[in-house]
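Below is one structure; the comments refer to it alone.
Every read-out reported here was derived from the displayed coordinates using simple, explicitly stated rules and does not represent laboratory data. Everything numeric in this text was worked out from a predicted model, so none of it was measured. Don't worry about glycine lacking a Cβ; one is built from the backbone with ideal geometry, like all the others, and counts go over all protein chains shown.
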Amino acid sequence: MMPGLRGRIKAAAQKTRPETAPRECKVIEARMPLPPWMDVRGVSTAQVNRLGAKLSGWDVNRALFLDTETTGLHGAGTVAFLVGMGWVEGDEFVVRQLLMRDYPEEAHLLMVAADTLARFHVIVSFNGKSFDVPLLRDRFAMARLRHRWREFPQLDLLHPARRTWRLRLGACPLCMLEEKVLGIGREGDLPGAEVPERYFAYLKSGDLSLLDDVLRHNLQDIHTLAALLLRLAQVYDAPERQASALDVFSAGRALERCGEGELARRCFRVASVSALSQQARLELAKSYRREREYQEAAETYRGMIARGEGGPTAYISLAILLERYLGDAKGALEITQKALWRYAGDSLFARADADIIEALERRRARLRRKAALEDAGTPGGAPP
């Protein structure tokens, strides 16, 4: 490409569209009293940050619940033909849907979306961080309306939902969360995968009633976002009280990652009396160690060993704690020898891998030297 042409193309891309009166999109607005199952007015900053938002402040009245319906899932030609936006207003929940009835209406749809977005501080979505928001950003750029777009802090509920329920449910699409977590049923709902086909059928026929199902689907998605946010906030207020030990354990791991160590350990202790005993006690011991509560970590590993849980890992971890942090080389040597007696024998059911056995033997030899030096009154011994 010639340098001059490249420069002209770049200059054209940077130009903003003159804000003349574009062809107007259809705007549908619906209000409803906030039902208890989606009343997010009491959700706090601390609750939101446990979900991974990392916001310095949270005001539910400045939160926009966003969901789009598009002509596809990827590609330069993908367009958001329906933008649904919901918010709390007093004791009501308002949903504004912007519908592009034909491609010339896109510029107006984006302008109205920009005016609405400007009133809010954070976007709440489900996979919006990876899909909806980047798509809208690109469409603003393609329409030469880049100056109307601004970046927002985002709370993408897909990620905390997966952390909380994937261990129990497997995949976590929004429809499954509605059914299995929220207890919401949809009758006669149009599957999301069929939305692009329905829109193209409308474009060919001009029959706007073909989009009624799409509008209902989008409206329900936005209502579900509010319900899901409330449910997640409730889960992390009392994670140890969840009905499923799988959910309790999952919440504990999520809380540990966001720095809520004490709350995480409460979850692990509850999950440790279930079928998840081994996994929960391993996580509990790791959490104690991160908090430098070494004696509690050691007692947790001892309990696992007594129950036959944790395999060689429990023995090795306990030996490291005893030697490095509790100053008990003889105790570390005793645990290492017990590990070898258990896992280096002839039993096919308890024999560890050769690499683990070799590492245990090296540790035993070094601890023997260290213990002998300590008995002789000479500090020493190489670190593990």
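Per-residue ellipticity at 222 nm computed for the chain from its helices equals -16000 deg cm²/dmol, with DSSP H segments shorter than 4 residues left out and the rest contributing -39,500 (n - 2.57).
Placing +1 on the Cβ of every Lys and Arg and -1 on the Cβ of every Asp and Glu, with no other charges, gives the chain a dipole of roughly 1520 debye about its Cα centre. Both numbers refer to the Cα atoms of region 246-313; Rg and Dmax are 11.0, 31 Å.
Using 30 Å as the Cα-Cα cut-off, could you pick out the over-long pairs in Lys26/Lys180; Lys26/Lys54; Lys286/Lys370; Lys129/Lys180? The answer is Lys26/Lys180; Lys26/Lys54. In the list [x] 22.3; [y] 18.0; [z] 28.4, the label attached to mean projected area of the Cα convex hull in nm² as derived from the coordinates here is [z].
Extension gain, Arg368 to Leu55: 0.36 nm times the residue separation minus the Cα-Cα distance gives 107.4 nm.
Note on Phe152 and Leu326: with the Förster distance fixed at 51 Å, the Cβ-Cβ geometry gives a FRET efficiency of about 0.55.
What the phi angles of region 188-193 give under the Karplus curve with 6.51, -1.76 and 1.60, with θ = phi - 60°, is a coupling list of x, 6, 7, x, x, 5 Hz, glycine and proline written as x. According to the Kirkwood relation over distinct C-alpha pairs, the hydrodynamic radius of region 26-237 is 17.6 Å. Where q = 0.11, 0.16 Å⁻¹, what log10 of I(q)/I(0) comes from the Debye formula for region 241-376, counting one point per Cα? Log10 I(q)/I(0), no solvent term: -0.45, -0.84. Based on Cα contacts under 8 Å between residues 6+ apart, the chain shows a relative contact order of 13 percent.
Once the Cβ-Cβ distance of Arg166 and Thr78 is raised to the sixth power relative to R0 = 25 Å, the FRET efficiency obtained is 0.35.
With each label modelled as a point 7 angstrom along the Cα→C-beta vector, the Met32-Ala306 pair spans 5.4 nm.
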